[in-house]
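See structure below.
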Amino acid sequence: MMIVELLQWLSTPVSLGFQWGIMTLGVYMTFRLLEFPDLTVDGSFTFGAATAAALIVGGWNPFLATLVAFFAGAVAGACTGLLHTKLKIPGLLASILTQISLYSINLRVMGAANLSFPNVIADGRRQHEIIFRYLPAFGMEEKYVILLYGGIIASLIVGLLWWFLNTEKGITIRSTGDNPQMSRALGVSTDNMKMLCLMLANGLVGFSGALVAQNLKFTSVDLGAGGIVFGLAAVIIGEGIFRFHSIFGRLMAVLLGSIMYQIIRSIVLQIPFVGAQDFKLISAVIIIAALAMPAGLPQVRKWLEMQGVTKRVRVPAQPGPEEGLKQEEAALPAEPAATQTQTGLDTSLMVANISKTFNAGTVNQKDALVDVELTLEPGDFVTVIGGNGAGKSTLLNLVAGVYPVDGGGIAIGSSQVTGEPEHRRARLIGRVFQDPMMGTAAAMTIEENLSIAMRRGQRRGLGPAIRKEERALFKEMLKTLDLGLEDRLRTRAGLLSGGQRQALTLLMATITRPNLLLLDEHTAALDPRTARNVLKITDRIIRNYGLTVLMVTHNMKDALQYGNRTIMLHEGKILIDIDSKAKKRLKVEDLLLMFERASGDVMANDRMLLN
């Protein structure tokens, strides 16, 4: 009897957990996947509820009205996205502005502070005009009908989101939140992805608001108040209790977190001295408990082990740092399975009198580059050296499109790219950053990172992000690194060592054979042994594919050893340009002497001298 009563009692919080859980999925997409602090939720939730209620009162079919509520929420998300991406308003402030605006809009839509759903006479009794009235009841009470179909709808949405986030388009949303700089370097328009994610997330929030309002049989202008608090609490609870690593598992954890939150709240509200006025205090306590859970659970496990309640699980030993270093040091890449050259493709680079000044007109004005002219012929491998502030990284960033030029022009092959944004130039450019963490999306797997890189310069649609034949190709390409990564395709990139991540970044940068490869001190953050290995891999790939390369380095020995040409920058200008024949005769001491003669100054960069 008690079990039956418990199940009856649970039906209400579980039903609400499903309905509000759809909103929580939207919160998860912005806060976790996109890393965007979106406070639009409180307004878009009510906007969805108000839209559905107003349309149903106006005679619309409840199913169509609920669908329109999704698009209403999406419009709210688009407003936040436009404020952030086009007007460059910080994300948090942009979402607050949208939320504030929606309060007045919701009052306009409803025509009053409250709006009830209309009644109709059906099956000999009075019923509210909501979508659940049109669904088969199978002889069940209304609350069980709402529970059943709420669960089905929420589960379908989880399945659809799982499918979408594993498509070519969906995977770029994940990479945008994980590493926007890498994403742009691989041809992803991060602004467009933010817009898409905000629209989809707030669309789900609006859809959830429409369902909740139909369950309550009315809506009010304050219906979504505190919605963001609920959403964050549900996400934190779900992640704290259900430690799933797959996308599907994490989506299910968020939905279950919503249900857990509703159950906990219902239990607390049963306490005699607790009333509805304590709701926000209860929410805060639940969130604090959820946040403390990751730190508290290990202590609980340890205590249970000491009491003999549980046994310690022995984890197999993992290879230590020394073994990883030995593996990386021994890694000499074999010949690629299918070597492709750049024959017949114009891979030249022409930099014509480009200049760049930072903080112009202020006391901090810095002329980073001054009328720099540089031409690379197809197949040229040019190393770039210079002291701190010489303009080396600025030169690469201007070529890549990170910063706009103040004057001059840039052409890659036959393409004039001076005015193109970074993500569009990526179709022609491969990049490897100085920081190994910047070239890969840490939370995504090796094969997912490679999949994004493989579609650089292509239109990304709703096809699967990783196809069977692509997985086989990735394995073959990873074998050329000889780091054992071909057997770890589903390992998250964040679990790799610095050398492995940089080698993976190099493979990602060259997987589509770019017209131009930019290497920005890509071994500077690695230990000497790993740096030597990565340089060997770099040189081998460049030679095999006949790439045109611009490599910045602080190591003068490497600058002379690699490439067919070396240039030295000083105070934003090219001071020395050394061709292949001259490089072969030079030593580091000769290079220092050339610098002193050309500049009339002494090389005082400790990093270059120590290297």
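Candidate cross-link partners of Lys584 among the aspartates and glutamates, defined by an alpha-carbon separation under 18 Å and a same-chain spacing of 8 or more, comprise Asp380, Asp539, Asp558. Both radii come from the Cα set of region 349-420: Rg as radius of gyration, Rh as Kirkwood radius; their ratio Rg/Rh reads 0.98. Modelled label positions at Ser355 and Gln270, each set 7 Å beyond Cα in the direction of Cβ, lie 7.6 nm from each other. Of all beta bridges that DSSP places with both ends in the chain, some 60 percent have antiparallel geometry.
Over all directions, the projected convex hull of the C-alpha atoms in region 1-109 averages 9.0 nm² in area.
Were the residues from Asp346 through Glu470 laid out at 0.36 nm apart, the gain over their Cα-Cα distance would be 41.9 nm.
Measuring only protein heavy atoms, the 1.4 Å probe finds Ser497 accessible over about 40 Å².
Work out the FRET efficiency for Ile89 and Asp435 from their Cβ-Cβ distance, taking R0 = 25 Å, and round it to the nearest 0.05. Once the sixth-power term is evaluated, E becomes 0.35. Average projection, convex hull of the Cα set of region 136-282: 11.5 square nanometres. Annotation: peptides 20-26, 104-110, ranked by per-residue average of other Cβ atoms within 10 Å with the highest first, follow the order 20-26, 104-110.
For region 483-530, a Kirkwood radius taken over Cα pairs fed into Stokes-Einstein (20 °C, viscosity 1.002 mPa s) yields D = 178 µm²/s.
Once the Cβ-Cβ distance of Glu420 and Glu589 is raised to the sixth power relative to R0 = 51 Å, the FRET efficiency obtained is 0.75. In the calculated pair-distance distribution of the chain, the portion above 44 angstrom amounts to 35 percent of the Cα-Cα pairs.
For Phe31, what charge total do you get from the other residues with a beta carbon under 12 Å from its beta carbon, if Lys and Arg give +1 and Asp and Glu give -1? For residues surrounding Phe31, the net value is -2. Each peptide in 250-256, 471-477 gets a packing score, the mean of other Cβ atoms within 10 Å over its residues, and the list from highest to lowest is 250-256, 471-477. Electrostatic bookkeeping for Asn215 treats Lys and Arg as +1 and Asp and Glu as -1; over the other residues with beta carbon under 13 Å from its beta carbon, the sum is +2. When each full DSSP H helix of the chain is screened for a Cα extent of at least 15 Å along its own axis and an average Kyte-Doolittle hydropathy of at least -0.5, the helices passing are 2-28, 41-57, 62-85, 91-110, 142-165, 190-216, 227-241, 247-269, 279-306, 498-510, 588-599. Cross-link reach is defined here as a Cα-Cα straight distance under 16 Å, omitting same-chain residues fewer than 8 places apart; for Lys479 the lysines meeting it are Lys536. If R0 is 60 Å, the Cβ-Cβ spacing of Phe63 and Gln365 corresponds to a FRET efficiency of close to 0.45.
Over all other residues within a Cβ to Cβ distance under 12 Å of Ile567, the charged ones net out to 0, with Lys and Arg as +1 and Asp and Glu as -1. Packing-based ranking of 568-576, 261-269 yields 568-576, 261-269, ordered from highest to lowest mean Cβ neighbour count within 10 Å.
The values are calculated or read from the model by the stated rules, or taken from the named source; none is laboratory data. All of these numbers come straight from a predicted model, not from anything done at the bench. As a convention, Cβ positions derive from the backbone with ideal geometry for all residues, glycine included, and neighbour counts pool all protein chains shown. Note: areas computed on protein heavy atoms with side chains; ligands, DNA, RNA excluded. Shrake-Rupley method; radii C 1.70, N 1.55, O 1.52, S 1.80 Å.
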